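See structure below.
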Amino acid sequence: MKTESLKILVGGFFHETHAFNPRPTTASAFTWIEGPELIAEMQGAGTTLGGIVSELTQREHTVIPALFAEAAPGGPVDEDVYENLLTRFKTSIESALDQFGRIDGIALELHGAMA
């Protein structure tokens, strides 16, 4: 039996914060993927987000890309970087609502202890 197709927004944040490291993690440390590129890069990737995208696609749900931000382990994330990340994520949600009218769920790969 086929289930109803859902509209699921996907993305993720990946950063191990080491509070003992006095140097903040700045924007230059992050790799950002947004929009259709996120789906293309994650489809079939051997990551948690890759598995999410692949499973949702296999089940014929609508996969809505938000953003994926990743940085190597380091000091606390610079406040401006964090605010930019939140703003971009909120914009992704607003755009998805404008385009699709609704979002049935949000699936995020969250790794690390970002601070």
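The values are calculated or read from the model by the stated rules, or taken from the named source; none is laboratory data. As the structure is a prediction and not an experimental result, all values here were calculated from the model. Using ideal geometry, Cβ is built from the backbone for each residue, glycine included, and neighbour counts are taken over all protein chains shown. Just the protein is used for accessible areas: all its heavy atoms, side chains included, with ligands, DNA and RNA removed. Shrake-Rupley method; radii C 1.70, N 1.55, O 1.52, S 1.80 Å.
Do we find that A69 is assigned to a loop (DSSP other than H, G, I, E, B) and either touching a Cys at 6+ places or on another chain (Cβ under 6 Å) or more than 20 Å from D104 (Cβ to Cβ) (or both) in this structure? Criteria not met by A69.
Applying the criterion of being of a type in the set (S, T, Y) and in contact with an Asp or Glu (Cβ under 6 Å, 6 or more places away or on another chain) to the residues of region 6-53, the residue that is nearest to F68 (Cα to Cα) is T31.
Run down A45, A96 and say which single residue is surrounded by 12 or more Cβ atoms within 10 Å (Cβ to Cβ) and in a helix (DSSP H, G or I). Don't jump to the end; show me each part of the working.
On the way: A45 fails: in a helix (DSSP H, G or I).
Only one candidate qualifies: A96.
Kindly list, by first and then second residue, each pair from a residue in region 77-88 that is among the aliphatic types (A, V, I, L, M) to a residue that is part of a helix (DSSP H, G or I), limited to pairs with Cβ atoms under 6 Å and residues at least 6 apart or on different chains. Cβ pairs passing all conditions: V81/A27.
Within region 1-39, restricting attention to residues that are out of contact with any strand residue (DSSP E or B) (no Cβ under 6 Å at 6 or more places or on another chain), assigned to a helix (DSSP H, G or I) and of a type in the set (G, A, S), the residue that is surrounded by the most Cβ atoms within 10 Å (Cβ to Cβ) is A27.
To keep it simple, each residue is scored yes or no on (1) open to solvent by 60 Å² or more (accessible area, probe 1.4 Å); (2) of a type in the set (S, T, Y); (3) outside any helix (DSSP H, G or I); (4) closer than 11 Å to V10 by Cα.
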| site | (1), (2), (3), (4) |
| --- | --- |
| E41 | yes, no, no, no |
| D80 | yes, no, no, no |
| L86 | no, no, no, no |
| I103 | no, no, yes, yes |
